[in-house]
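As structure tokens, the structure follows; a few thoughts come after it.
Nothing in this text is a laboratory measurement; each read-out follows from the coordinates by a stated rule. The shown structure was predicted, so the numbers you read here are calculated from the model rather than taken from an experiment. Methodologically, a virtual Cβ is constructed for each residue, glycine included, from the backbone with ideal geometry; neighbour enumeration extends over all protein chains shown.
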Amino acid sequence: MSVKEVYLNGEYLPVSEATVSIFDRGFTFGDGVYEVIPVYGGRLFRLQQHLDRLQHSLGEIRLLSPLADLEITRVLERLLTNIEGDASIYLQITRGSAPRNHAFPDQVQPTILAYAQDVVYPDQATREAGVNAVCFPDQRWERCDIKSVSLLANVLARQYAHENNAAEAVLFRDGKLTEGAASTLFVVHEGQLLTTANGHSILPGITRELVLELACNHGLSCQQTDITENQVKTADELWLSSSTKEILPIVSLDGEAVGAGVPGPHYHHIIRLYDDFKLKFRNGEVS
Ligand code: PDD
């Protein structure tokens, strides 16, 4: 891992000096939230959307941000001065350190951590080959719209995928698709692009929003709706999207080919639109 400098509670430190108390509630209870923000050409991609989602997560767990959006932005920009090329930012805020007791402590200072790290975004070969995925029950809690650091169910799902030679676990709850262990899912079915509607059962993905924007602006019929297991299994195309994976085609699910077993025409279309958008972003033409 290539982290050079860490921002922790007001200080910029080398990794070896950035330490957190064993009583931090992020450590003992998973009582905190986070964001992962892509960086292209030294610029923070869709920053305002990530900051808005962070505020949503903080609000839902009743944690007051220790820093205003502008201050967070300054911190992230300072961290980027150490990074060359593309990267991603990890930003985490926990309720802070206090003697172990489930209810909120009366007096506590939130812990805020951020660092930038080099990231290799999926290359052309991966996009052309596509990835494998496996189905897995969604065992998470009922507030998946909160980007919580309590990720045990996501970890177990992703590990199941890993052990089955797959890049992602496709999660189902009550016979309906929710999302991936760490990604949004898109289904092309009968010529329509489907994705699960935002709500408590999924994270409102920032990449998801952009994919929908691009697809809808370019004439692909999009629907945010319930998606059945059968629709997923008979999909013409299946994609995953996230800040670190961008958009990837899933070409096999539980060992069965998705559609023709190769990235489909809609994928080729959307990834071209996405790359065009990224290029404009790098050139400062869009934010
Ligand atoms: N995860 N759903 C879940 C459960 C996720 O963890 C993520 C991203 C997404 C996609 O959201 P976005 O497009 O905003 O990255 C959907 C990040 C990358 C992570 O945990 O590392």
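Given 0.36 nm per residue, what is the gain on full extension from Gln139 to Val262 after removing their alpha carbon distance, in nm?
Between Gln139 and Val262, full extension yields an extra 41.3 nm.
If you average the alpha carbon positions of region 252-283 and of region 151-175, how far apart do those two centres end up, in angstrom?
Distance between centres, Cα-based: 21 Å.
Given that compact globular proteins tend to follow 2.2 N^0.38 Å, what is the ratio of the alpha-carbon Rg of region 6-118 to that value?
Ratio of Cα Rg to 2.2 N^0.38 Å: 1.07.
For region 6-118, with the dipole built from +1 on Lys and Arg beta-carbon atoms and -1 on Asp and Glu ones, taken about the Cα centre, which of Ser57, Ser21, Ile93 lies farthest toward the positive end?
Checked the options; the winner is Ser57.
Provide His268, His189 in ascending order of the number of other Cβ atoms located within 10 Å of each residue's Cβ, fewest first.
His268, His189
Taking the Cα-to-Cβ direction at Asn283 and at Ala68 and moving 7 Å from each Cα, how far apart do the two end points lie in nm?
It is 3.5 nm.
Relative contact order (percent) for region 124-282, with alpha-carbon contacts under 8 angstrom and 6 or more residues of separation?
Relative contact order, region 124-282: 26 percent.
Tell me, what is the FRET efficiency for Asn164 and Phe29 to the nearest 0.05, using R0 = 35 angstrom and their Cβ-Cβ distance as r?
0.70
How long is the gain from Gln124 to His218 if the chain were fully straight, where each residue apart is worth 0.36 nm and the alpha carbon distance is subtracted?
The Gln124-His218 span can extend by a further 31.6 nm.
For region 6-118, give the magnitude of the charge dipole about the Cα centre (Cβ charges: +1 Lys/Arg, -1 Asp/Glu; no others), in debye to the nearest 20.
Around 240 debye, computed over region 6-118.
Specify, per residue and in Å³, the volume enclosed by the convex hull of the alpha carbon atoms belonging to region 246-287.
Spelled out: Cα convex hull of region 246-287, divided by residues, is 63 Å³.
Would you kindly calculate the mean projected area, averaged across all directions, of the convex hull enclosing the Cα atoms of the chain, in square nanometres?
15.0 nm²
Can you give me the distance in nm between label points at Leu151 and Lys233, each placed 7 Å from the Cα along the Cα-to-Cβ direction?
Between Leu151 and Lys233, the simple spin-label model gives 3.0 nm.
For the chain, with only Lys/Arg (+1) and Asp/Glu (-1) charged at the beta-carbon, what is the dipole magnitude about the Cα centre, in debye rounded to 20?
With Lys and Arg at +1 and Asp and Glu at -1, about 400 debye.
Give me the one-decimal nm value for the distance between modelled label points at Gln109 and Glu17, 7 Å along each residue's Cα-to-Cβ direction.
Calculated label separation equals 1.7 nm.
I want the antiparallel fraction of DSSP beta bridges within region 124-282, as a percent rounded to 5.
Once the DSSP bridges in region 124-282 are tallied, antiparallel ones form about 65 percent.
Under the 0.36 nm per residue contour assumption, what length would be gained going from the current alpha-carbon distance of Glu84 and Asn101 to full extension?
1.9 nm
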